[in-house]
1. Return only the number of the condition from (1) surrounded by 12 or more Cβ atoms within 10 Å (Cβ to Cβ); (2) in contact with an Asp or Glu (Cβ under 9 Å, 6 or more places away or on another chain) that THR231 does not satisfy.
2. Out of (1) surrounded by fewer than 16 Cβ atoms within 10 Å (Cβ to Cβ); (2) more than 30 Å from SER53 (Cβ to Cβ); (3) of a type outside the set (A, V, I, L, M), what's the single condition that is false for ARG223?
3. Has region 114-134 got any residue that is in contact with a helix residue (DSSP H, G or I) (Cβ under 9 Å, 6 or more places away or on another chain), touching a residue at least 60 places away in the same chain (Cβ under 8 Å) and not assigned by TED's automatic domain parsing to the domain that holds ARG301?
4. When the residues of region 253-279 are narrowed to those that are within 30 Å of LEU224 (Cβ to Cβ) and among the charged types (D, E, K, R), which ends up farthest from the chain's Cα centre (by Cα)?
5. Among the residues of region 212-252 satisfying the criterion of being of a type in the set (D, E, K, R) and within 36 Å of the chain's Cα centre (by Cα), which is farthest from GLY333 (Cα to Cα)?
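The values are calculated or read from the model by the stated rules, or taken from the named source; none is laboratory data. Keep in mind it's a predicted model, so treat the numbers as computed, not measured. Note: ideal-geometry Cβ built from the backbone for every residue, glycine included; neighbour counts use all protein chains shown.
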Amino acid sequence: MTCVLGSHITEVLPSYSSFGTRHTGYQQSAAPPPYTRNADQPAKTKKLVNVFSITLDSPSIHLRGVQAPIQETDTFQRSPARLSGRVRYDGSIPFRRLQGISLRVRGVERTYTSKNHVYGHRMILDGRSWLWIPSQDDKEGADREFGFYVSIPDNCPATCMTEDGSIRYFVDATLVLNNGGYKAVERREFIIHRAPTKLEMELLSPVWDSKQHNIGIRYTGPRLLFLNPYTSKCPTLHFTVHFTNAHRIRRLTTSLIEETIQKGFKPTLNPFTGPSPVEWTQSRVVGETELPVPEEGFGARGALEVEGVAQEVHGALVGVRHWVLVRMVLDGGEEVEETVPVWVVPGF
């Protein structure tokens, strides 16, 4: 993880001027002392400091490439994504008791199911550095504001929350004491979205053909569904389905399916073997509609309302994918299903 902190200190006292700018690289100086916190739980601040807070300039990070890491053959020119913000501290603790303020940025991917006692945990990124260390030039009891920015790696998977897993990102500021303890911890969560690159958009052709089950199917319609992350809605999906043997179809339905994939490890009581890898999935129907059976040589037009969906995710332990399911009942009662892969991506 690459992280650069721009420390910008401003005293809000009339008789005090601002400091200069200090840049510190991650892992180049002594790391702040670790502290134990559950990544998915809000940090609890001890009410011994009147003002200690984090403000993010933007809680969302936008990266290119739905599938991470991004292919090297992609011609899209990428620039590093940056997370920036400010930490404010009122200086209520004497400097002789303080070691400084540390900043930690983490990305955590985890899965768990109590049904089979399967778990998985992976640190996507974990970097820490000192944001501020008191010096002799600092004045006691003055409000301070520290600006920072962090370069986020472009291979971080998108944020998601599933029934048995999650991918989440946090930034923590800690007021560290000289004895190694801490007085306050402030946490903010930020979200990572991944939009498709030009190459990925070209690979998802709006025309998709299948020749399985002796029923030739051609799907014509969008295969990139642009999601509004604030409402979890996509524009209505309009498509057309053509069949080479439409005379065999007696009933025709289409639906949009969302599938979540979780991976983890199941512990064992055998001391000579390690935990065994396990993968499990959950599927749900997002939208469904029944189409009229088309005449030979004609297509059936359909529309699906897409609401309450998650963006496409390709993590190591958690994944989310979508497809349009075409279900046909043929003469004689035979049921045939065909899937058309689609991507749900943030519409920015």
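1. For THR231, the failing item is (1).
2. (1)
3. Looking through region 114-134, none of the residues is in contact with a helix residue (DSSP H, G or I) (Cβ under 9 Å, 6 or more places away or on another chain), touching a residue at least 60 places away in the same chain (Cβ under 8 Å) and not assigned by TED's automatic domain parsing to the domain that holds ARG301.
4. Within region 253-279, the match that is farthest from the chain's Cα centre (by Cα) is GLU279.
5. Only one residue fits best here, namely LYS233.
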